[in-house]
């Protein structure tokens, strides 16, 4: 089955569907088992499962009558690969923050702490 | 600004919006500059930018009149953190595939190839 990143991301953009995946990460489950903790009707769960199945995020057994669902991690790996391209950008952000914090610390170490200034100012400002 | 994984994922579930982010990863750009390679009208680009801005994936400068857009990688990091929880599952899948391929290879090395057996059995079963 070929699915696109569009299908995967829009299937994942729902808290119930992400919770269903988290549950299936613990092991396969039937629709009844999935419906219970979410306090949802069977048709509502079935609808979410169809979206997840279309996106290739779960597979459903054809063998047993209960057709247990299982996590299919392939599309999640594609999301990880895609988003990892941007890792340098958020890491750079933290590097800049680190640099800023080091600068602030250096300044504080160079200067003796001011005495009583803050209290004075607090009294004056409104 | 607090945004949810829902907002982020649904903003990302569109190829044009992902392409806009890829462009902004090269450096900030104005709406006009973004509209050009995508062969889109300005209102269409503006609409996509609003979705990205609401999801916290871009920021727009308040200074210049052209209000250039810039990539904001924070929500992408949240997606990476979320999806990384599933890394053991796709890695396990590759481990199993590795194991299976090793088994097949071992069997091929241990046994001489069968002659004609498969054809015989195919004739008998059903």
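Every read-out reported here was derived from the displayed coordinates using simple, explicitly stated rules and does not represent laboratory data. These numbers come from a predicted model, not from an experiment. Please note: Cβ atoms are built from the backbone with ideal geometry, for glycine as well, and neighbour counts cover all protein chains shown.
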Residue check for residue A:78: away from chain B (no Cβ under 13 Å), assigned to a helix (DSSP H, G or I) and closer than 26 Å to residue B:81 by Cβ: no
Qualifying residue in segment A:1-17 (condition: on the phi > 0 side of the Ramachandran plot, within 14 Å of another protein chain (Cβ to nearest Cβ) and surrounded by fewer than 16 Cβ atoms within 10 Å (Cβ to Cβ)): no
Enumerated helices (runs of 4 or more DSSP H) restricted to segment A:1-58, each holding at least 3 residues that are within 12 Å of residue A:69 (Cβ to Cβ): A:15-24, A:31-38, A:42-54
